[in-house]
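The values are calculated or read from the model by the stated rules, or taken from the named source; none is laboratory data. Worth saying up front: this structure is predicted, and the values here are computed from it rather than measured. Counting neighbours? That spans all protein chains shown, and the Cβs are built from the backbone with ideal geometry, glycine included. Accessible surface areas use protein heavy atoms only, side chains included; no ligands, DNA or RNA. Shrake-Rupley method; radii C 1.70, N 1.55, O 1.52, S 1.80 Å.
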Amino acid sequence: MGTQNSSVIVSKKPPPTPKSIINQRFGAKATYKVEEVQDCSQNGSAGLGILQKVPSLYSCTLELPEFSVLSDICKRKKDAEQSAAEKAIEKLGIHPKEDNITPEKAWDQLVSWLSVLFSNEFLSSVHPVSCHLRAALHRKGDFHGFLPVSAIAAYDAKVCSLCKCIQPEAASSLLLAIEQIIRAAEKLSDSLILCEDHLSLKRLNAYSPEIVLPLSKSEASMVESIPVQVIRVPSSVKKDVEPLTLNVSFNDYYLDVIAHELGLRDASKLLISRPIGRASSDTRLYYSVSNAITLCQSSESHSNQTGVCENEFNVRASYLSGQEICGDVILASLGYTWRSIDLCHEAVSLRTYYRLLAKKIPRGIYKLSREALVAAELPTMFTTRSNWKGSFPKEILSVFCRQHRLSEPVFLCNSLESQPVLQGSTGLGGAKRNGSDLDGASTGQIVSYKCVLKILSKHHDLIIQCSPKESFKKEADAIETSALKVLSWLTLFFDTLDMSAEAVTSASKDLDILIYPEQFLKEFRICLSTHHQFQSIGATSHSFLACEYMHQQNNKLGDNVCFSKIDDQDSGVTPSTGCIVCLSYNIALVVVVEGKSIKELIESSKEFDFEVGCGAVFPLLEAVVLQMSIGQSASIKMELPPEEYILGAAVNSATIVTLLSTGSCFLECHITLLQVTVPLEDRMEQALFKPPLSKQRVEYALQHIRQSCATSLVDFGCGSGSLLDSLLDYTSSLERIVGVDLSRKGLARAAKVIHQKLSANIDTKLSSNKVKYAALFYGSITNFDSRLCGFDIATCLEVIEHMEEDEACIFGDVVLDSFRPSILIVSTPNYEYNPILQRSALRSEDEEDRETCKFRNHDHKFEWTREQFCHWATDLAKRHKYGVEFSGVGGEADKEPGFASQIAVFTKKDDTTILKTEDVAEDYEVVWEWNGLDDTNLGSAV
Ligand code: SAH
Ligand code: MG
């Protein structure tokens, strides 16, 4: 692109919003208060008590240190804020500068700023560049007093922004910026010496001794050389990344020291990348100007500067920096800052290097925030703020965008007001979460939030948009959920770069994401091309996760897991989905050399919390934890995760590097389950009821089994088998029991406990039950499977509220129409009972949860009132020729607000067990089966 286009490009970028201008100036000192304003003209017609949707209007007060302003009245909160900011800007008399500056003006300013840089006054000021100027005065021989232009381009923010105005591409090309500085310096030939060959600048007239002497005195104390740890990243991927120590003394110009390390004569041909990683650190990549690129030949030739390159393309460095870099590279955290005149430095170890690599993708950013590069995974679900551990999705997304030089993510939140559903008249399959408002809020309206998230390139082109369908009670939850969806998509994308177009589309659709492929690929061009190559260099690949995941999907933890202390310490307290577990772990690298195994600790934690069921740790770990109880320990053998996680985790990366290359390696993870915090729902139920509600539900079912002399039972949505497990403790007529669920993890747990109990019964010959056959099926209970037809009794306890309302209706129809059990027992929470549960069991720390979720459990899609439940069940029974009776557990039938758990018992009216033989359908997958007397099946359990 030639310079003549640049003005067009400059004007294409939209001006900063009033809010962002205020934010730049005042930061946190500017506070916005948005208030809803009543619009009387519209409200007038609405009679009292009639809930009519009136569009809300907002006004905003912006408070600044000196004054405050009031906005116009707007339809959206955001607009009100912008309006207030706009008024404040008028009052302050600020004009958004940078953006109406023309390239010509920027050019003039660059020339004059350059002459300032080389002035007497500037030399004694505190500025990163003045430190370089002083250091240049210590350079020996020909270079004495010469300042490399790259130092100006890298460390002078003003020069950078001016260069960007002149030619926007300069923002991402150091060479272009250097070239512009040289052109500007040419205009100052009466005061500056330009050594084009060496890309260096010097004053024509030496500084007078009065200025220089006092400066050198203050620095004279620094005589010894300081060792600085840096990293060399060779361009050849065959060579390892290696740690080095640079010795920088007061008499050296540190850029020369780095240049020598790269085999350059001096710093003039040294290029300096943008800072990498943390904004507060000054970690940069140093590399040489490629020989093929001779800057000063012609100014137009740079459009294809990436063309010929004598040095080998440095994949690792390019991936790390997001810039195309050739040749060997030094990674160092070294330089002058605004804070002092001394050279600042931080050690950059191998570990630092691998952590910087990990930080390139969302998963790595999350892992680092948890200080658990190996154990933690970016969760796939956001339930509540209190359950989320580590950096929040929104923060991770910000870090990611900054890393990849994108604009800050834009979150557009909308509040929706929905009218409460009038009881009794509710249609099923209506809006999600439509329970009536029991909080007694004054308006009676339920406000919820939706959040659209936009990811924009640095030039403000839209590249990703996420518009989740779900709405939330809290704005913050809407925001975090959108952010997590985008992060999940990005993670998937980086994991499987060769994803087909269809796969990309379908993944995006599932996550409510719209991708703008052209812009997306443009922004991530270097990152994607290098990521791919980079992965193939790594000792291992990402595939281990997928592979382990399959393992777990097959429900075989196999030889990889070894539980210990099962018998003596089994506390009986076991985690399930939604629990927060706390465990201690240590993960060691195990290397087998000549039959001997060497162990080296990689990562450990004394207390590591995570929410079960959200994918917050590597899949195998989660699967194992679900099988444990408090006090138990387990060892897991696992394949190696990607190199950057192992080496970024281990303190002694160098030892690990050597070990990795010596023999066959694997990781061994030793965990001890310390604590399990059960979800709010269970806690509430346990606090208020004795025996706990779950136990009362089991006893209720048992009572019906006894009365009906049922010999077969199917438990729809058996979860981790609490009902089936408890049934085995009692004497009953049951001979065949089957559980169905959609959660493999739940089924794995169920298999373990039922298997243990059945085996124990056989061993002790103390069989209190007659069960001959037990099985667990994987599948959705909205689907039909002919193997479960005509059972005596079917249970579905606390399951339907985990499905959408329309699915609950489908389930009802499938069971009563196709499965046709003699008896069906369905239980679900009674929404009207919630206030009592909450009052009795809520601890103060749960308040936030309570606010976020009106329901007992975050996974509940709805909770019905007695009337709603009655409506559903009565209608269902009528259509399928069943009778229905209502009952419940916890509380009393005829005392408000009824039972805590409401139960409907459906009884088949006609006695025909119509087995529609033509309907043979085996939709479910048998994941575990038991034939009591047949020993061959004993091994099929977990
Ligand atoms: N009945 C058990 C578990 C209740 S939790 C008990 O009382 O303890 C709800 C269970 O329903 C979860 O295990 C969930 O996986 C399951 N579930 C939700 N939707 C389902 C569906 N469509 N098909 C099968 N199981 C489902
Ligand atoms: Mg439930």
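Calculate the spin-label point distance for residue 607 paired with residue 510, positioning each point 7 Å from the Cα along the beta-carbon direction, and give it in nanometres.
3.6 nm
Please report, in debye to the nearest 20, how large the charge dipole of the range 562-677 is about its Cα centre when each Lys and Arg carries +1 at its beta carbon and each Asp and Glu carries -1 there.
200 debye
Compute from the Cα atoms of the range 562-677 the Rg and the Dmax, the latter being the longest Cα-Cα distance, and quote both in angstrom.
15.1, 45
Specify which residue in the list 775, 796, 758 is farthest towards the positive end of the charge dipole of the range 688-842, using unit charges on the beta carbon of Lys, Arg (+1) and Asp, Glu (-1), about the Cα centre.
758
Run the numbers for residue 521 and residue 251: contour at 0.36 nm per residue of separation, minus the present Cα-Cα distance, in nm.
Length gained between residue 521 and residue 251: 92.5 nm.
Quote to one decimal, in nm, the extra length available between residue 25 and residue 911 on full extension: 0.36 nm per residue of separation minus the C-alpha distance between them.
311.0 nm
Which of the listed residues, 573, 624, 586, is farthest toward the dipole's positive end in the range 562-677, when Lys, Arg count +1 and Asp, Glu count -1 at the beta-carbon?
Going by the Cα projections, it comes out as 586.
To the nearest 10 square angstrom, how much accessible area does residue 284 have with a 1.4 angstrom probe?
So the heavy atoms of residue 284 present about 20 Å² to solvent.
With a 1.4 Å probe and every protein chain left in place, work out the accessible area per residue of the range 562-677 in Å², rounded to a whole number.
Heavy-atom accessible area per residue stands at 38 Å².
Rolling a 1.4 angstrom probe over the protein chains, ignoring ligands and nucleic acids, what is the accessible area of residue 895 in square angstrom, nearest 10?
Rounded to the nearest 10, that gives 120 Å².
From the Cα gyration tensor of the range 688-791, with a ≥ b ≥ c the square roots of its eigenvalues, which class applies: rounded if a/c is under 1.5, or else prolate if a/b is larger than b/c, or else oblate?
Because its axes are fairly even, with a/c under 1.5, the range 688-791 counts as rounded.
I need the phi-derived Karplus couplings for the range 825-834: 6.51 cos²θ - 1.76 cosθ + 1.60, θ = phi - 60°, integer Hz, Gly and Pro marked x.
Computed from phi, the couplings for the range 825-834 are 10, 10, 10, 7, x, 9, 4, 5, 7, 3 Hz.
Sorted by accessible area (1.4 Å probe), largest first, how do 685, 35 line up?
35, 685
How much accessible surface does residue 261 have with a 1.4 Å probe, in Å² rounded to 10?
We get 60 Å² for residue 261.
How charged is the neighbourhood of residue 171? Take every other residue with its Cβ under 10 Å from the Cβ of residue 171, and add Lys/Arg as +1 and Asp/Glu as -1.
Its environment carries a net charge of +3.
Ranked highest first by average number of other Cβ atoms within 10 Å, how do 143-152, 408-417, 75-84 line up?
The peptides rank, most packed first, as 143-152, 75-84, 408-417.
Check residue 248: other-chain or 5+ apart residues with amide H under 5 Å from its amide H, H built from backbone geometry?
Under 5 Å from the amide H of residue 248 lie the amide H atoms of 226, 228, each far enough along the sequence or on another chain.
Taking the Cα centre of the range 669-716 as origin, work out the dipole magnitude from +1 charges on Lys and Arg Cβ and -1 charges on Asp and Glu Cβ, in debye rounded to 20.
Taking the Cα centre of the range 669-716 as origin, the dipole is about 160 debye.
With Kirkwood's inverse mean 1/r over C-alpha pairs for Rh, give me the Rg to Rh ratio of the range 103-217, two decimals please.
0.96
Between residue 926 and residue 730, what FRET efficiency comes out of the Förster formula 1/(1 + (r/R0)^6) with R0 = 25 Å and r the beta carbon distance, rounded to 0.05?
0.50
Going by accessible area, probe 1.4 Å, with all protein chains left in place, what is the ranking of 461, 342, largest first?
Correct descending sequence by accessible area is 342, 461.
With a ≥ b ≥ c taken as the square roots of the eigenvalues of the C-alpha gyration tensor of the range 352-408, please select rounded if a/c is under 1.5 and otherwise prolate if a/b is larger than b/c or oblate if it is not?
oblate
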